[in-house]
1. Please compute the modelled spin-label separation between residue 46 and residue 291, points set 7 Å along Cα→Cβ, answer in nm with one decimal.
2. Using a Gaussian network model on the chain with a 10 Å cutoff between Cα atoms, which of 13, 154, 26 fluctuates the most?
3. What does the charge dipole of the chain about its Cα centre add up to, to the nearest 20 debye, if the Cβ of each Lys and Arg holds +1 and the Cβ of each Asp and Glu holds -1?
4. Among 348, 290, 252, which one shows the biggest mean-square fluctuation in a GNM of the chain, springs joining Cα atoms closer than 10 Å?
5. Using the Cβ atoms and a cut-off under 9 Å, what net charge is assigned to the surroundings of residue 357, where Lys and Arg are +1 and Asp and Glu are -1?
6. Need the C-alpha centroid separation for the stretch 304-356 versus the stretch 145-213, integer Å.
7. Given a cut-off of under 8 Å on Cα pairs at least six residues apart, what relative contact order in percent is computed for the stretch 207-343?
8. In square angstrom, rounded to the nearest 10, how much accessible surface does residue 251 have for a 1.4 Å probe?
Amino acid sequence: MSAIPSSIPLRNDLLGEEPYGAPQLDVPVCLNVNENPYPLEPDVVSSIAQRVASIAVELNRYPDREHIELRQAFSDYLAKESGTRLRVEQLWGANGSNEIMLQLFQAFGGPGRTALGCDPTYSMYPEYARDTFTTWKLAHRHEDFTLDVDRTIDAINEYGPSMVLVTSPNNPTGTVLPHDEIEALLAACEQAPVTGAPEGAHPILIVDEAYVEFRDPGTPSAVSLVPKHHNLAVSRTMSKAFAFAGARVGYLAADEGIIDAVRIVRMPYHLSAVTQAAALAAFEHTDEQLSTVAHLRQTREQTASWLAQQHYHGENIRVAPSGSNFVLFGTFERRETIFQDLLDRGVLIRVVGPEGWLRVCMGTDEEMARFRQAFTEVLALHDQA
């Protein structure tokens with residue numbers, strides 16, 4: 001419950017709102033926030049400590065507000081990871097991809113502007129819209145959670161959004177967005193007008209690739225389309241596959257014009273010297289940082305297969321195809337009860353997404369064994385009910 005008294009003049013549109021956040025509970029198995037469960041290797045930790053120690057004597061000075069060295073590291077990484085070399089001017093870093101998204105809403109949203117999403121989708125998007133006084137509209141996905149491209153294009157033409165947000169792999173469903181569908185949306189955005197903007201302005205398409213490193217091998221990244229499209233912005237993060245959630249480092253790949261627009265709204269010196277140093281050290285050990293990705297991808301496939309063989313009230317459990325490090329599964333008449341029964345057994349997952357569905361992120365082999373054991377017990381309990 002909120003402790004905000006009525007005597008404090010909170011914004012009217014925030015009255016009754018609660019802070020966003022997944023539960024942070026002290027339980028043996030936490031599988032609810034899509035982290036990489038494996039800790040950093042000792043040599044990575046050592047490199048971070050050395051980098052931070054080397055800049056500690058200069059913490060009385062402001063950091064490089066343009067974080068040029070880190071943006072070059074983003075460029076080097078993406079050239080290897082996505083096969084696309086971008087200039088420093090086409091890249092931007094921030095405190096997690098959450099700040100990247102908020103900066104995009106600050107730059108391109110606002111009163112009289114509309115942002116369009118495709119639900120089910122990341123639950124923070126409407127909060128970014130709320131916080132920037134941007135109207136939030138939705139184009140519903142197909143029943144199997146794939147994007148309804150025609151419906152989305154119709155919504156673009158109907159609402160005239162300044163931003164269109166799609167997520168690949170999608171959160172919370174894990175659905176991967178094919179390149180031809182991204183290009184169809186880009187083509188629509190390049191022709192559509194923007195309501196509330198000067199004549200000649202067209203929507204930007206934002207592709208959120210927070211989980212993209214978990215995609216199946218051979219699947220291209222939207223980063224490869226950035227050099228060809230002035231209205232494309234691709235958001236990335238080091239929090240997930242890079243096992244760097246605690247460092248809070250996100251980054252943006254886009255046309256130089258979009259980057260410059262974001263630079264207008266960024267806070268002065270928004271990325272600390274310590275954050276920049278830690279990220280640079282992590283990029284020195286890219287292979288080590290991503291060494292668990294293939295195993296987590298395999299764990300995802302094994303978990304999805306196992307879940308699909310389970311039964312709830314005599315029916316096979318449905319599992320959404322995922323290209324991420326989590327699996328959405330259902331459907332349950334009272335998903336909160338399933339969640340609580342698992343929590344009672346020391347396993348924390350997430351109540352998120354469409355009604356009746358639950359999401360589990362991939363943990364260590366030992367954690368996933370605990371999840372399977374606990375879920376088997378919970379299913380048996382409900383079969384008896």
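The values are calculated or read from the model by the stated rules, or taken from the named source; none is laboratory data. The model shown is predicted, which means the values in this text are computed figures rather than measured ones. In this analysis, Cβ positions are derived from the backbone assuming ideal geometry, glycine residues included, and neighbour counts consider all displayed protein chains. Side chains are part of the model used for accessible areas, which takes the heavy atoms of the whole protein and leaves out ligands, DNA and RNA. Shrake-Rupley method; radii C 1.70, N 1.55, O 1.52, S 1.80 Å.
1. Each label point is offset 7 Å from its Cα along the Cβ direction, giving 1.3 nm.
2. Top of the fluctuation ranking is 13.
3. Charge dipole of the chain: 520 debye, to the nearest 20.
4. 290
5. +2
6. Taking the Cα centre of each part, the stretch 304-356 and the stretch 145-213 sit 29 Å apart.
7. 21
8. For residue 251, the solvent-accessible surface is approximately 0 Å².
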